[in-house]
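S.K.: I'd like to ask some things about the structure below.
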Amino acid sequence: MEDRKGISGGVRIDGQYQFDWEIRPLPLTGTDLTALRFGAAQAVEGPAFYRAEVEIPAPADGFLALPGWTKGQVWLNGFALGRYWDRGPQRTLYAPAPVWRAGRNELVILELHRPGERVEILDAADLGPTG
């Protein structure tokens, strides 16, 4: 059994093969996101990176909720927390205490479609419908 990822054959849109693709790699090697450059805050349609800073008094386990966000990936202080998708089933990402820092923490979000207006830090998981 093979489980190949990515495009393994021709790509068609409305029945027509597409040629002359341009590939742009993202600087996501390891946990080093320092190559990313952020500008003024503005929401855009389509893939984009967003950064937020949050202050906490002491590290503790938490859960990130992204209401209104569509689909993407989240990093907390350079640690990849995981992927999210508004289709669920889970509605929060676990953010363990060792990843948090007392004081300033940095969230980086790669949103692939449409960003929400806020990120919530909760003290309990929201796993969506469980039954």
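The values are calculated or read from the model by the stated rules, or taken from the named source; none is laboratory data. As the structure is a prediction and not an experimental result, all values here were calculated from the model. Virtual Cβ from ideal backbone geometry, glycine too; neighbours counted across all protein chains shown. Side chains are part of the model used for accessible areas, which takes the heavy atoms of the whole protein and leaves out ligands, DNA and RNA. Shrake-Rupley method; radii C 1.70, N 1.55, O 1.52, S 1.80 Å.
S.K.: List the residue pairs whose Cβ atoms are under 6 Å apart, where the first residue sits in segment 11-30 and is within 19 Å of residue 73 (Cβ to Cβ) and open to solvent by less than 100 Å² (accessible area, probe 1.4 Å), the second is at pLDDT below 70 and part of a loop (DSSP other than H, G, I, E, B), and the two are 6 or more positions apart or on different chains.
M.R.: Close Cβ pairs (under 6 Å, with a partner that is at pLDDT below 70 and part of a loop (DSSP other than H, G, I, E, B)) amount to 27/35.
S.K.: Select from segment 3-54 the residues that are under 18 Å from the mean Cα position of the chain (by Cα) and on the phi > 0 side of the Ramachandran plot and write down the one among them that is modelled with the highest pLDDT.
M.R.: Residue satisfying both the conditions and the ranking: 46.
S.K.: I would also like to ask the following. Which residues, taken from segment 94-131, are touching a Lys or Arg at 6+ places or on another chain (Cβ under 9 Å), at pLDDT 90 or above and either closer than 10 Å to residue 65 by Cα or outside any strand (DSSP E or B) (or both)?
M.R.: Scanning segment 94-131 gives 112, 113, 125.
S.K.: I've got another one for you. For segment 40-87, which residues satisfy the criterion of being farther than 20 Å from residue 125 by Cβ, of a type outside the set (Asp, Glu) and open to solvent by 70 Å² or more (accessible area, probe 1.4 Å)?
M.R.: 40, 41, 42, 43, 47, 51, 57
S.K.: Does segment 74-93 contain any residue that is within 12 Å of residue 54 (Cβ to Cβ), polar (S, T, N, Q) and not in a strand (DSSP E or B)? Working first, answer last.
M.R.: Going through segment 74-93, the residues within 12 Å of residue 54 (Cβ to Cβ) turn out to be 76-77.
Within this subset, residues satisfying the condition of being polar (S, T, N, Q) are 77.
Within this subset, residues satisfying the condition of being not in a strand (DSSP E or B) are 77.
Yes, there is a match, as at least one residue in segment 74-93 is within 12 Å of residue 54 (Cβ to Cβ), polar (S, T, N, Q) and not in a strand (DSSP E or B).
S.K.: Return yes or no: is residue 83 in contact with a strand residue (DSSP E or B) (Cβ under 8 Å, 6 or more places away or on another chain) and not aliphatic (A, V, I, L, M)?
M.R.: yes
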